[in-house]
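The values are calculated or read from the model by the stated rules, or taken from the named source; none is laboratory data. In this text the structure is predicted, and so the values were computed from the model without any measurement. In this analysis, Cβ positions are derived from the backbone assuming ideal geometry, glycine residues included, and neighbour counts consider all displayed protein chains. Just the protein is used for accessible areas: all its heavy atoms, side chains included, with ligands, DNA and RNA removed. Shrake-Rupley method; radii C 1.70, N 1.55, O 1.52, S 1.80 Å.
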Amino acid sequence: MFIESLVVGDLLEKMATVCFAAYLLTRVKGVDFLVGRERSWRYIAIISFIFGIFYAFGYYAGSGTATDFLSTSKIGPNMAGLIAGPFGGVGAALFGLLLQAAGTGAIRPDVLITEVLNGLVCGIVFLLNGRRLIHVWQAALLGAALTTADSIITLFLYQGIDISRLLLVNIASIEILVIATGMGLFTMLMHNVAREKERSWTASRLEGQVLAAREIQLGYLPAKIPEMSGIRVAARLIPMHEVGGDFYDFQQITPTRCFFCIGDVAGKGVSAAFVMASTLTLLRNALIYSDQPAEILSQVNQGLIRSSNDSLFVTLLAGVMDLETGVIIYANAGHNPPFIINDTNASLIPMDPDIPVGTWEDYQYKQEEFRLNTGEHLVLYTDGVTECENAEGMLGIEPVLQAFSGSGLPDSDPTDPETIVKTITDLVFRHAGTGVPGDDVTVLVIGRDHEADRSSSPIAHPQCGART
């Protein structure tokens, strides 16, 4: 009974030691190399060193006690073999035995044989498993089988134990439990490290895709808006958490005419960025053959449907402006209606939104026109402005219009396109409060200078209803 009570107490102590050592070894910084795919000689040497020390630690932890026959040392070579193959297992056994010999002298033949064989067998199991770590239950079963074999070898090769065979089997059964549990625990923690590494790699890959998509999104925007006599232009696209599909474009097509557009892909992420890039490419190609917005949108619509495998549609507003007369011809494909700012207020332009591009092949878009008077600014925006939310709800269009009407006019020059863009984006972020807007915020402002049309008297906008 005395021996059995010592064995049970030492069992609990050594189990706790194995748990602590396994957790520490698999949680230290940089330990992910243990589950890496590299199998160089340097890697094998490191594994042999680490688990050889673990062997020596297991041996010396019980040395000199009443139960020094109960040791966790063989977990070292076994795990080295399961991680680094036969050379790792044998290397850990030999290095551990060398450390043991440095403190105790000669090594018993049965210990030398069993520890080297354990490392070798575990290494062969690693190779048979396709150079991958085996499952937890397999490791526990392997540990139990090897420890049982060790006990049998010890029983026949070592005659120095003056104890009955029955008691020896009883002690061996306790050691089998310790080794099997320790190897299972080590393997479980190694698998956890591998899964964490995989999740980290996946997260890094997704982050890289998001950054790549954002680069695509921003790289397709105009590098520089051309300066044209009679107008001033300002634009800003603010990407939010996820990559969206907002975009805009502004080009000079003749000395007195310019093309502009603003759009939003109905989606986010890499797919939306590619659809956005395709849309801008189709727009610019269509502009080579036509300067009529309705025809341009119809060509873009057909191109998107025929070339895209995604079911993403795009809201898009495109127009062509005559700088001398201020007349703007436009076509709207489901986009937010723009508004006009003059010296005193802001007026929304009611528009038939029509259907987004990418939804109905061979659809023919309608074309309309209005005139931008001198001193006025045309403001185009995406739904990231009006649909910005906080706890009280969406921002909507009314607060945006009120910001440019009467007492709501900015203190700085309200006729400066840059000021208009800043006022709108500041309004969005104030409404979002401590949060961040959930969608990209894009604003494009085209202002017509007072000197642009001295000979023409201002013309009212028949389709505009002033809102204050």
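For A149 and N192, compute 0.36 nm times the residue count separating them, minus their Cα-Cα distance, and round to one decimal in nm.
Full extension of this stretch gives 12.5 nm more.
Which order do you get for Y330, Y60 if you rank them by accessible area with a 1.4 Å probe, largest at the top?
These residues rank, largest area first, as Y60, Y330.
Could you state how much accessible area V193 has, in square angstrom rounded to the nearest 10, with a 1.4 Å probe and all protein chains kept in place?
The value for V193 is about 10 Å².
Return the distance in nm (one decimal) between the two label points of a simple spin-label model at T202 and E387, each offset 7 Å from Cα along Cα→Cβ.
2.8
Please calculate the 1.4 Å probe accessible area of K422, with all protein chains present, and give it to the nearest 10 Å².
120
What ranking, highest mean first, results for peptides 386-398, 343-355, 261-273 when packing means the other Cβ atoms within 10 Å averaged over each residue?
For the peptides 386-398, 343-355, 261-273, the packing ranking is 261-273, 343-355, 386-398.
For the range 258-379, which whole-number percentage of the solvent-accessible area (1.4 Å probe, protein heavy atoms only) is attributable to carbon and sulfur atoms?
C and S atoms contribute 50 percent here.
Using the per-residue mean of other Cβ atoms lying within 10 Å as a proxy for protection, in what order, highest first, do the peptides 275-282, 425-432, 220-227 fall?
Answer by packing, highest mean first, reads 275-282, 425-432, 220-227.
With a 10 Å radius around each residue's Cβ, average the other Cβ atoms per peptide and rank 90-96, 437-443, 128-134, highest first.
Averaged packing, sorted descending, gives the order 90-96, 437-443, 128-134.
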